[in-house]
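Engineer: The structure follows.
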């Protein structure tokens, strides 16, 4: 049967070869139209199968990939947390070792006893002229007189400026009076509650001082001298030899400071430096860093025995 069908197909093909062109075209169109639904169905079937296969295999791969990514993220978060815990533990261990070493060093450190004398700063206010006059006339001392305590006569009789601190605050004569780190004068007479002080521009003021040159490397201290008030608004620095290099702008500091006070106290700046021919010493004028006449609140540094030494 199959051979017969094959022979018929061959004969039909041979016959179509000898048929007229219009007949061949008609037959081809008929055959194509007959097979078109089947061909369309086969193509659609192939596309549907391909889509199903793609969704089945590729979809599974995408889902697996997403699951793998989620798993990796979770593991990464866990590693980060673990690393953070280890870092904190190492830091705590280092701090403990450091504290242990510090305690060990402190236990073996040689004794470093505190200094015997330390400075104590006493705040004081400058009494105005009217208030100072009332104080000196005894108008404010009735309570003291009734208790048998009166102010020192030297304080009441003097004409110098008055401060509202005295022996009850541990003050003593000749202690420097300063504002900030600048000396503006020194105590003259000290009473029980008040004191007089002399501004550094006063002719009665005299204090040991030393020069300091300002360089790129810092201050270079020079010769020592004596600072004396000129009775106006400046001072004279005396006893500086002519061999000492001096120029305007050099600074002047106190040679001595109260016990335990490490910071050098500042007087002012050289505003005039003259050296006459044949002179053995400089003629120097010093302008105070702070005008003592304008001071309203000052400080006095007094030396005292260190409480830590007394406790020991």
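Engineer: Would you check which residues across region 224-240 are out of contact with any strand residue (DSSP E or B) (no Cβ under 6 Å at 6 or more places or on another chain) and either in a strand (DSSP E or B) or at pLDDT 95 or above (or both) and list them? Give the derivation first.
Structural biologist: As a first pass, look at region 224-240 and keep what is out of contact with any strand residue (DSSP E or B) (no Cβ under 6 Å at 6 or more places or on another chain): 231-233.
Selection gives nothing.
Engineer: Run residue 229 past the list (1) closer than 15 Å to residue 176 by Cβ; (2) in contact (Cβ under 8 Å) with a residue 40 or more places away in the chain and report the number of the one that doesn't hold.
Structural biologist: (2)
Engineer: Within region 137-150, can one find any residue that is under 52 Å from the mean Cα position of the chain (by Cα), surrounded by 10 or more Cβ atoms within 10 Å (Cβ to Cβ), part of a helix (DSSP H, G or I) and at pLDDT below 75?
Structural biologist: Checking region 137-150: at least one residue is under 52 Å from the mean Cα position of the chain (by Cα), surrounded by 10 or more Cβ atoms within 10 Å (Cβ to Cβ), part of a helix (DSSP H, G or I) and at pLDDT below 75.
Engineer: Which residue, of 256, 285, is under 20 Å from residue 226 (Cβ atoms), modelled with pLDDT of 95 or more and either part of a loop (DSSP other than H, G, I, E, B) or assigned by TED's automatic domain parsing to the domain that holds residue 126 (or both)?
Structural biologist: Details: 256 fails: modelled with pLDDT of 95 or more.
One residue alone meets the criteria, 285.
Engineer: Go through region 287-312 and report how many residues are crowded, with 16+ Cβ neighbours inside 10 Å and without any contact (Cβ under 8 Å) to a residue 60 or more places away in the chain.
Structural biologist: Here the count works out to 1.
Engineer: Also, I was wondering about something else. Using beta carbons and a limit of 6 Å, which pairs, at least six apart or on different chains, have the first residue in region 174-193 and under 15 Å from residue 252 (Cβ atoms) and the second one surrounded by fewer than 20 Cβ atoms within 10 Å (Cβ to Cβ) and modelled with pLDDT under 85?
Structural biologist: 181/263
Engineer: Follow-up question, since we're still on this one. Collect the residues in region 153-208 that are in a strand (DSSP E or B) and more than 22 Å from residue 266 (Cα to Cα), keeping them in residue-number order.
Structural biologist: To start, the set of residues in region 153-208 that are in a strand (DSSP E or B) comprises 161-163, 176-179, 182-190, 195-199, 206-208.
Answer for region 153-208, where residues must be in a strand (DSSP E or B) and more than 22 Å from residue 266 (Cα to Cα): 162, 189, 190, 195.
The values are calculated or read from the model by the stated rules, or taken from the named source; none is laboratory data. Owing to the predicted nature of the structure, the values given are computational and were not obtained by experimental measurement. Heads up, the Cβs are rebuilt from the backbone with ideal geometry, glycines too, and the neighbour counts pull from every protein chain shown.
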